[in-house]
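Engineer: A single structure is presented below for examination.
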Amino acid sequence: MPEATFIDPDVWYSGLAGVVIAAGAIITDPDGRVLLVKPNYRDHWALPGGICEFGEPPHIGCGRELAEELGLEIPVGRLLATDWSQPFGAEARPIMHFVFDGGSLADGTGIVVQEAELDGFTFAAPGELAGYLPPHGLARVVGAVQAREAGTMTYVPHGPS
């Protein structure tokens with residue numbers, strides 16, 4: 001029997017594909033309008049949320065980001081959508097987005113915007129989302145809203161099929 005050859009785990013892991021993990025939440029008002037935030041470092045609006053820290057599970061990262069960005073300590077509900085995209089080109093690391101159900105807020109009362117990263121927030125009707133979000137973000141948010149309404153979960157692929 002041939003002798004087994006073991007590969008150093010650090011060498012093996014270093015050869016694997018890298019991906020950025022991001023998590024956000026669908027939060028609506030009683031009229032079904034979706035809460036969006038305006039990052040001060042981007043041209044477009046986005047769901048509240050952000051990049052997960054190294055080793056941080058997406059649902060934990062989502063809760064942390066909601067607290068940091070909006071000052072809200074709300075429960076992170078079920079997973080609504082995931083997607084994979086390379087919005088910054090083929091040479092950039094891809095991003096896996098996880099979108100969770102963040103429930104409903106009566107209005108913006110209680111939101112404290114993190115001014116270091118955000119210019120503000122708004123609630124947008126589903127039919128208005130295209131005016132706020134870039135195409136890859138629009139597909140993710142619409143897919144998550146539809147999954148929430150249907151009681152399902154969806155995968156929203158971007159790029160080559």
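The values are calculated or read from the model by the stated rules, or taken from the named source; none is laboratory data. What you are looking at is a predicted structure, and each value in this text was computed from that prediction instead of being measured. All Cβ positions, even for glycine, are placed from backbone atoms using ideal geometry, and neighbour counts span all protein chains on display.
Engineer: Go through the stretch 116-148 and count every residue that is within 10 Å of Leu80 (Cβ to Cβ) and surrounded by fewer than 17 Cβ atoms within 10 Å (Cβ to Cβ).
Structural biologist: 1
Engineer: State all residues of the stretch 142-159 that are in contact with a Phe, Trp or Tyr (Cβ under 9 Å, 6 or more places away or on another chain), modelled with pLDDT of 95 or more and hydrophobic (A, V, I, L, M, F, W, C); if no residue qualifies, say none.
Structural biologist: Passing the criteria: only Ala144.
Engineer: Moving to a separate point now. Which ones in the stretch 53-85 are free of Cβ contacts under 8 Å to residues at least 60 places away in the same chain, among the hydrophobic types (A, V, I, L, M, F, W, C) and over 18 Å from Thr28 (Cβ atoms)?
Structural biologist: Quick first cut of the stretch 53-85, residues free of Cβ contacts under 8 Å to residues at least 60 places away in the same chain only: 53-77.
Those left that are additionally among the hydrophobic types (A, V, I, L, M, F, W, C): 54, 60, 62, 66-67, 70, 72, 74, 76.
Hits for the stretch 53-85 are Phe54, Ile60, Ala67.
Engineer: Out of Ala150, Ala124, report the one residue that is touching a residue at least 60 places away in the same chain (Cβ under 8 Å) and of a type outside the set (Phe, Trp, Tyr).
Structural biologist: Being touching a residue at least 60 places away in the same chain (Cβ under 8 Å) and of a type outside the set (Phe, Trp, Tyr) holds for just one of Ala150, Ala124, which is Ala124.
Engineer: State all residues of the stretch 95-113 that are outside any strand (DSSP E or B), at pLDDT 90 or above and surrounded by 14 or more Cβ atoms within 10 Å (Cβ to Cβ); if no residue qualifies, say none.
Structural biologist: Leu105, Ile111, Val113
Engineer: Evaluate the stretch 68-88: report whether one residue or more is basic (Lys, Arg) and either over 23 Å from Ala124 (Cα atoms) or crowded, with 16+ Cβ neighbours inside 10 Å (or both).
Structural biologist: Checked against the condition, which is being basic (Lys, Arg) and either over 23 Å from Ala124 (Cα atoms) or crowded, with 16+ Cβ neighbours inside 10 Å (or both), the stretch 68-88 yields no hits at all.
Engineer: Tally up the residues in the stretch 149-161 that are farther than 29 Å from Gly110 by Cβ, of a type outside the set (Phe, Trp, Tyr) and exposed (fewer than 15 other Cβ atoms within 10 Å of the Cβ), please.
Structural biologist: 5
Engineer: Okay, next question. Is it the case that some residue within the stretch 68-89 is touching a Phe, Trp or Tyr at 6+ places or on another chain (Cβ under 9 Å), within 21 Å of Gly110 (Cβ to Cβ) and of a type in the set (Gly, Ala, Ser)?
Structural biologist: Yes, there is a match, as at least one residue in the stretch 68-89 is touching a Phe, Trp or Tyr at 6+ places or on another chain (Cβ under 9 Å), within 21 Å of Gly110 (Cβ to Cβ) and of a type in the set (Gly, Ala, Ser).
Engineer: Kindly provide the set of residues from the stretch 114-131 that are assigned to a loop (DSSP other than H, G, I, E, B) and among the β-branched types (Val, Ile, Thr), ordered by number.
Structural biologist: Quick first cut of the stretch 114-131, residues assigned to a loop (DSSP other than H, G, I, E, B) only: 114-117, 125.
The answer is none; no residue qualifies.
Engineer: Give me the pairs, please: first residue somewhere in the stretch 4-17 and within 20 Å of Pro94 (Cα to Cα), second residue anywhere and at pLDDT 80 or above and not acidic (Asp, Glu), beta-carbon distance under 9 Å, and either six or more positions apart or on two chains.
Structural biologist: Ala17/Arg93; Ala17/Pro94
Engineer: For residues that are surrounded by 14 or more Cβ atoms within 10 Å (Cβ to Cβ) and either farther than 22 Å from Asp107 by Cα or out of contact with any Asp or Glu (no Cβ under 8 Å at 6 or more places or on another chain) (or both), tally how many sit in the stretch 34-43.
Structural biologist: Number satisfying all stated conditions: 2.
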